[in-house]
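Before any comments, here is the structure.
The values are calculated or read from the model by the stated rules, or taken from the named source; none is laboratory data. Here the structure is a predicted model, which is why all the values come from computation and not from measurement. So basically every Cβ, Gly included, is an ideal-geometry build from the backbone, and we count neighbours across all protein chains shown. Just the protein is used for accessible areas: all its heavy atoms, side chains included, with ligands, DNA and RNA removed. Shrake-Rupley method; radii C 1.70, N 1.55, O 1.52, S 1.80 Å.
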Amino acid sequence: MLVFAHRGASADAPENTLLAINKALEQGCDGIEIDVHQHGHQLLVIHDHWLHRTTNGTGQLKEYSFEQLQALDAGLGERIPTLWQVMECIAGRCMLNIEIKGVKDVQLVLDNIEKAQHALNFTLDHFIVSSFDHHLLRAIKEHKPDLKIGALTACNPIGYARFAEELSAYSVNVDVSFMDEAFVLDAKRRGLKIFAYTVDQQADLARLEDWQVDGVFSNGPGKAKAFLAA
C-alpha cells in the first residue's frame, strides 16, 4: 500500500511548505500530496484561499500581490512555495499528487508538469492531478489524455466509483470516513486505483490494508510506513 505525505509531512512541519516536503522525503514516502491555487500566472502551494489558518496573513489570496504573499510566514519562517519550487525540491524522487483547488487555467499546471519532465528528473508517471472539481479533471483529460487524474470524493456515492470511471480517472480518492469494502471492490472492478485520505490511525491502516486499498494519504508518512512494514 502506497503512502503519500498529506500536504507534505504535515504532522512534523507546517503543511504545504518546503520544510514539510523535505521531511516527507526523509521519511521515505512513496508520494507527496500538495494543494495548488492559481494567483495570476503563478501556481501557489497552499490549501485555503483564506490566509489566516496557515500563514500570518489575513484575508484572501486574491487581495495580495504575489510579492506580498511571498513575504508571509507560513510557519517556522517558511514561505508559501510555488508549484515549481516544490517540483525542484522533489526532483523526481517520489510521486507527486497535485490537488488543484482554485485553478482556472489548467494549462498552467500542464506546462509545469511538462517542464519538470525535461528539467527535474520526473516522468509523466510520477504525476497524479486530483480535484473535487470534476469539471477541471475533465478539462485536464481533454488537454492531456495520458496524464493520470484522481477523482476526489468526500462521500459514498450511490454508484460508488462510477463517476471516476466516467472521467477516465486513474484513481478514486475517498475520505476514509466514508470508504467501505464495497466501495473498494467496486473501484477495483472498474480498473481504478483506490486511495484513502486522511489516514493517521493504525487501526485504519490495518483495515485498509486488509481491504487491499492501493494507497493512503497520511500526515505522518514515516509512522505509516513503519507500521505497514511491521
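Note that the stretch 94-230 presents 46 Å² accessible area per residue, ligands and nucleic acids not counted, probe 1.4 Å.
Principal-axis analysis of the Cα atoms of the chain puts helix 106-119 at an angle of about 90° to the longest axis.
For the stretch 116-209, the fraction of 1.4 Å probe accessible surface lying on carbon and sulfur atoms is 49 percent. Loop-located trypsin sites (Lys or Arg not before Pro) across the stretch 107-176 with a Cβ neighbour count of 14 or fewer within 10 Å are lacking, with loop assigned by DSSP. Share of carbon and sulfur in the accessible area of the stretch 4-61 stands at 49%, probe radius 1.4 Å.
Summarised as an ellipsoid, the stretch 44-186 has semi-axes of 28, 20, 14 Å, derived from the eigenvalues of the Cα gyration tensor scaled by 5 and square-rooted, with the largest first.
In whole angstrom, note down how far apart the Cα centers of the stretch 197-229 and the stretch 100-167 are. The stretch 197-229 and the stretch 100-167 have Cα centres separated by 23 Å.
What does DSSP give for the chain in terms of the percent of beta bridges that are antiparallel, rounded to the nearest 5? Of the beta bridges lying entirely in the chain, close to 15 percent run antiparallel. Remark: the stretch 1-90 carries 41 Å² of accessible area per residue (probe radius 1.4 Å; ligands, DNA and RNA excluded). Computed on the stretch 104-182, the Cα convex hull volume stands at 101 Å³ per residue.
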